[in-house]
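Participant: Sharing a structure, written as structure tokens. Questions coming.
Read the figures in this text as sums done on the coordinates, not as results from a lab. Note that this is a predicted model, so its numbers are computed, not measured. Glycine also receives a Cβ, built like all others from the backbone with ideal geometry; neighbour counts cover every protein chain displayed.
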Amino acid sequence: MKHAVDLFPEPRERRRYPRKSLSITVFLKVGLYVQGVGSFKDISLRGVCLASPELFALIRPEQASMFEGAVVSIDLPDESLSVHGRIIRVDVMSRELGIVIEETSDSAKWKKLCS
């Protein structure tokens, strides 16, 4: 009996927490000098995918990798909440940042927003 071979296996999910689609406007600051407006694409307890065409207008594609590992502060004015983390992924084509969340101003509000 022959066994079927999966030529296109599904990539293994690396995320520990479920993601939630969420479109909310945020203000972000990367490092000391770069700031802009963006919006969440999705969130989880430990991370966000954030789109920011405004921020990417300031970045040339060859500079994108310089932002990986940078500290980022994100203010959610409508939620009276702020989160802080590090950039772990920069996607120039989709103008998105993957950010791991390291600290929040209100853990209970953040958990509620993520659920």
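Participant: State the number of residues belonging to segment 24-45 that are over 20 Å from residue 93 (Cα atoms) and either assigned to a loop (DSSP other than H, G, I, E, B) or without any contact (Cβ under 8 Å) to a residue 40 or more places away in the chain (or both).
Facilitator: Residues in segment 24-45 being over 20 Å from residue 93 (Cα atoms) and either assigned to a loop (DSSP other than H, G, I, E, B) or without any contact (Cβ under 8 Å) to a residue 40 or more places away in the chain (or both): 5 in total.
Participant: Would you check which residues across segment 25-62 are among the aromatic types (Phe, Trp, Tyr) and in contact with a strand residue (DSSP E or B) (Cβ under 8 Å, 6 or more places away or on another chain) and list them?
Facilitator: The answer is 27, 40.
Participant: Anything in segment 46-92 that is of a type in the set (Val, Ile, Thr), assigned to a strand (DSSP E or B) and surrounded by fewer than 17 Cβ atoms within 10 Å (Cβ to Cβ)? List them, or say none.
Facilitator: 71, 88
Participant: Considering only segment 64-115, state which residues are touching a helix residue (DSSP H, G or I) at 6+ places or on another chain (Cβ under 6 Å), polar (S, T, N, Q) and within 16 Å of residue 39 (Cβ to Cβ).
Facilitator: none
Participant: Further question on the same structure: Please find, among 76, 113, the residue that is farther than 18 Å from residue 31 by Cα and of a type outside the set (Lys, Arg).
Facilitator: Of the residues listed, the single one that is farther than 18 Å from residue 31 by Cα and of a type outside the set (Lys, Arg) is 113.
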